[in-house]
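Novice: Quick one: the structure is below, and I'll ask about it shortly.
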Amino acid sequence: MLLGKVVGTLVATRKEPSLEGIKFLVLRQLDIDAAETRGYRVAADAVGAGLGEVVLYATGSSARMTRVTDQRPCDGVIMAIVDQLEVDGEMKYDKAEAG
């Protein structure tokens, strides 16, 4: 599982039929301190995430293990919206304070 921040959306009017109905979001990859890195990722949204939210996402074959992405050609899926991230007793991210 990896950390990311939703920074945009992706719209594709023509796509593989099995991808119909899936919302795609653009993620900025985050490090363990919840700081943005240079990497970006497109992921299918399985949990209803929105712009600015910090999320957990999976890639590779694990991305096809949610109800939304099962048996679909996905290589990235958002599977959780992060409420808090604490590392070594230090709060790195709190959704309530990020507001």
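The values are calculated or read from the model by the stated rules, or taken from the named source; none is laboratory data. Fair warning: this is a prediction, and the values are worked out from it, not measured in the lab. Here the Cβ positions follow ideal geometry from the backbone for every residue, glycine too, while neighbour counts run over all protein chains shown.
Novice: Please specify each residue of region 56-90 satisfying the condition of being touching a Phe, Trp or Tyr at 6+ places or on another chain (Cβ under 7 Å), closer than 20 Å to Lys15 by Cα and not hydrophobic (A, V, I, L, M, F, W, C). Don't jump to the end; show me each part of the working.
Specialist: As a first pass, look at region 56-90 and keep what is touching a Phe, Trp or Tyr at 6+ places or on another chain (Cβ under 7 Å): 76-79, 82, 84-85.
With the extra rule that they be closer than 20 Å to Lys15 by Cα, the set shrinks to 76-78.
Selection gives Gly76 alone.
Novice: Another one. When residues of region 38-65 are filtered for being at pLDDT below 95, buried (at least 17 other Cβ atoms within 10 Å of the Cβ) and either farther than 8 Å from Val77 by Cβ or not aliphatic (A, V, I, L, M) (or both), how many remain?
Specialist: 1
Novice: Let me ask something additional. Restricting to region 1-22, name every residue that is assigned to a loop (DSSP other than H, G, I, E, B) and in contact with a Leu (Cβ under 9 Å, 6 or more places away or on another chain). Lay out the reasoning, then the answer.
Specialist: Taking region 1-22 and keeping what is assigned to a loop (DSSP other than H, G, I, E, B), we get 1, 11-16, 20-22.
If the condition is that a residue be assigned to a loop (DSSP other than H, G, I, E, B) and in contact with a Leu (Cβ under 9 Å, 6 or more places away or on another chain), then Met1, Ala12 are the ones that fit.
Novice: Out of (1) touching a Ser or Thr at 6+ places or on another chain (Cβ under 6 Å); (2) at pLDDT 95 or above, the odd one out for Leu30 is which?
Specialist: Answer for Leu30: the failing condition is (1).
Novice: Quickly run through region 66-81 and pick out the residues that are hydrophobic (A, V, I, L, M, F, W, C) and crowded, with 17+ Cβ neighbours inside 10 Å. Before you say what the answer is, go through the steps one by one.
Specialist: First pass over region 66-81, keeping only residues hydrophobic (A, V, I, L, M, F, W, C): 68, 74, 77-81.
The answer is Val68, Cys74, Val77, Ile78, Met79.
One line per residue, one yes/no per condition, for (1) of a type in the set (S, T, N, Q); (2) under 14 Å from Ile81 (Cα atoms); (3) under 15 Å from the mean Cα position of the chain (by Cα):
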site	(1), (2), (3)
Leu2	no, yes, yes
Leu10	no, no, yes
Glu20	no, no, no
Leu30	no, yes, yes
Glu36	no, no, yes
Leu56	no, yes, yes
Asp70	no, no, no
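Novice: Let me ask another. Among the numbered criteria (1) charged (D, E, K, R); (2) over 18 Å from Cys74 (Cβ atoms); (3) free of Cβ contacts under 8 Å to residues at least 12 places away in the same chain, which one does Arg14 miss?
Specialist: (2)
Novice: Can you name the residue in region 49-74 that is free of Cβ contacts under 8 Å to residues at least 24 places away in the same chain and in a loop (DSSP other than H, G, I, E, B) and, of all such residues, is farthest from Tyr93 (Cα to Cα)?
Specialist: Asp70
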